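Structure record follows, encoded as C-alpha cells.
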Amino acid sequence: MKGWKKLILFSILSVFFRVAGFGEDIQERFGGRDKLAYGVYFNGIPVGHIEWEYLGQEEVSNKNSHVLGINSDANILELLNLRSKEKIFIDVKTGLPLKVERDVVFFGKKELIQEFYDQDQGVVKIVRNNDTKKEEVLFVDKPIHNILALLYFFPTGIDLEFGETRRFNLPTQKVVIKIVSHRSLKVNSEEKETYFLQGRGDKKFNLWLDKEKRLPLRLEFILLVGKIVIKREFEERSRNNTTVPDYSD
C-alpha cells in the first residue's frame, strides 16, 4: 500500500476509535470502589437508590466484554414503582453495548428482558419473557448505545468541546447532548469541577460529569409533574465503615 493510502487509512481509524471510546477501561473508572451509589429524589424528596458494580469480564458473541451490574429501587408517588436488577455487557474494545439483561418489577409485575446488540449490522433484538415470550427486532443507525451505559459511563474517547452537539442512537429513540459549560458542583461540602451537559430524547435532562473520570455526579430529568434528581453518593465505602452522604445542593 502506498504511503499516502496508509496515512489516510490511519487517519480514518484514529477518528473512529476516538469517537467510539476505543480501549477505555471501565473497571478503572470505579476508582477502587466496590460500587458506585446514587440517591434518587423527586421534587427534593428521597424516593430510592441506584447502585452500580463491576462484575468482571465475559465473552459475548465472540467478543470480550465488561459486565456491569445495576440495582435500582425507586418509588415516586403513584407515578413510578420500579425495582430492577440489570446487567450490561460492554465491548472492551469499542465501549459499545453487546447485550443487556433485565429483571424488572414494574408496579408489581415482573418481566425478564434481554437485548442483543449487533453493532456490525445495526440490529437490536429484544426478547421479553412474561406470561408469554415475545421477540422484537429493531433496525437502528450505528453505532448503537444503551441509555444507562451512556449516561453513567460517558465515552472517554469523545472530545467535550463547548457548544458542540453530540447525537447518539438508542434502540427506540435518538438522544442529542450538548456540551454547555464548566461548572462547579458541591458534593459532600466539597466543590467538584464538572462538565455541564444538556440533553434531549424522550425527556429533557441535565448532566454534570466529573472532569477526571466522566462519571455523573448529578442527573436531572425534567417531567411535567416535577423533577427527578439522581445524585452521586460520594462517601468512601468499606465493610466496616460507611459515612452518611451530604445531599445539600
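What does the charge count around ASP120 come to, taking other residues whose C-beta lies under 12 Å from its C-beta (Lys +1, Arg +1, Asp -1, Glu -1)? Net local charge, ASP120 excluded: 0. Applying the Karplus relation 6.51 cos²θ - 1.76 cosθ + 1.60 with θ = phi - 60° to region 119-132 yields 3J(HN,Hα) values of 5, 5, 8, x, 10, 10, 9, 10, 10, 10, 10, 10, 6, 9 Hz, where x marks Gly and Pro.
Scalar couplings 3J(HN,Hα) for region 65-76, obtained by applying the Karplus form with A = 6.51, B = -1.76, C = 1.60 to θ = phi - 60°, are 10, 7, 10, 10, x, 10, 10, 10, 8, 9, 9, 9 Hz; x denotes Gly and Pro.
Projected over every direction and averaged, the convex hull enclosing the alpha-carbon atoms of region 25-233 yields 12.0 nm².
For region 122-192, state which chymotrypsin sites (Phe, Trp or Tyr not before Pro) are in a DSSP loop and have at most 15 other beta carbons lying within 10 Å of their beta carbon. Taking region 122-192 and a limit of 15 other Cβ atoms within 10 Å, the loop chymotrypsin sites (Phe, Trp or Tyr not before Pro) found are PHE162. Each residue, LYS186 and ASP202, gets one label point 7 Å from its Cα in the Cβ direction; the gap between the two is 3.4 nm. Once both labels are modelled 7 Å past Cα along the beta-carbon direction, what's the LYS134-ASP159 spacing in nm? It is 4.4 nm.
Are there GluC sites (Glu not before Pro) in region 154-208 that DSSP puts in a loop and that have at most 13 other Cβ atoms within 10 Å, and which ones? Don't skip to the answer; put the middle values down first.
Numbers: sites: GLU161, GLU164, GLU190, GLU191, GLU193; in loops: GLU161, GLU164.
Qualifying residues, ordered by number: GLU161, GLU164.
In order along region 26-32, the phi-based Karplus estimate (6.51 cos²θ - 1.76 cosθ + 1.60, θ = phi - 60°) of 3J(HN,Hα) comes to 5, 4, 5, 6, 7, x, x Hz; Gly and Pro are listed as x.
Throughout, read-outs are computed from the coordinates displayed, never taken from laboratory work. Everything quoted here is computed from the prediction, not taken from an experiment. Note: ideal-geometry Cβ built from the backbone for every residue, glycine included; neighbour counts use all protein chains shown.
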